[in-house]
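The block underneath contains the structure these notes are about, expressed in structure tokens.
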Amino acid sequence: MLNSIKGYTNPCIICTPFTKELLLIQIIPYFRTFFNYIQPSFYNHFYLVTGRKRTYHLTSFLWALILQRIFTIPTDTLLITSLKFSKEFRDFCGFTKVPITSKFTRFKQDFLLCLQSFFYSLVDVTKPICQATYVQQ
């Protein structure tokens with residue numbers, strides 16, 4: 001979905017599969033501050049839509065989508081399977097319980113514009129790292 005958006009570049013496209021682990025190690029410190037790239041309007045939109053406490057956190061969904069892109073997991077179903085079988089993935093994303101596939105689909109549909117803005121801002125951070133990693137080879 002996000003790869004088809006005009007002007008969007010998945011920063012991992014230019015990296016070979018062998019450099020993804022190195023790339024992940026280099027990018028994670030920047031992602032730890034990724035809360036700074038989430039616009040307040042995205043937080044407000046996510047948490048105020050239902051009017052009740054959400055079972056899953058916004059940051060958990062975002063971490064899952066980031067891992068999906070980094071590890072090139074092609075579908076939400078495979079992402080859910082990876083989260084179910086990998087405690088490390090669940091812990092990294094902050095899920096205590098794995099959402100069903102329709103939750104991810106609805107999240108992407110309901111917050112598409114917010115997600116676009118968020119991922120555009122992350123490209124500015126990750127693209128130079130990917131390019132530097134690619135040149136080093």
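If N is the number of residues in the range 56-137, what value comes out of its Cα radius of gyration divided by 2.2 N^0.38 Å? The partial results should precede the final answer.
On the way: Rg = 13.8 Å, N = 82, 2.2 N^0.38 = 11.7 Å.
Dividing the Cα Rg of the range 56-137 by 2.2 N^0.38 Å gives 1.18.
Whole-Hz Karplus ³J(HN,Hα) for the range 83-100, in order, using 6.51 cos²θ - 1.76 cosθ + 1.60 and θ = phi - 60°, x for Gly and Pro?
In residue order, the calculated couplings are 5, 5, 8, 10, 4, 4, 4, 4, 5, 4, 7, x, 8, 8, 9, 7, x, 7 Hz.
Carbon and sulfur together cover what percent of the accessible area of the range 50-137 at a 1.4 Å probe radius?
Values: 2720 of 4830 Å².
C and S atoms contribute 56 percent here.
I want to check the label-to-label distance for E88 and Q39. Put each point 7 Å from Cα in the C-beta direction and report it in nm to one decimal.
For E88 paired with Q39, the spin-label model returns 3.5 nm.
The values are calculated or read from the model by the stated rules, or taken from the named source; none is laboratory data. Keep in mind the model is a prediction, meaning the values are calculated, not measured. No Cβ is skipped: glycine too gets one built from the backbone with ideal geometry, and neighbour counts run over all protein chains shown. Surface areas here come from the heavy atoms of the whole protein model, side chains and all, with no ligands, DNA or RNA. Shrake-Rupley method; radii C 1.70, N 1.55, O 1.52, S 1.80 Å.
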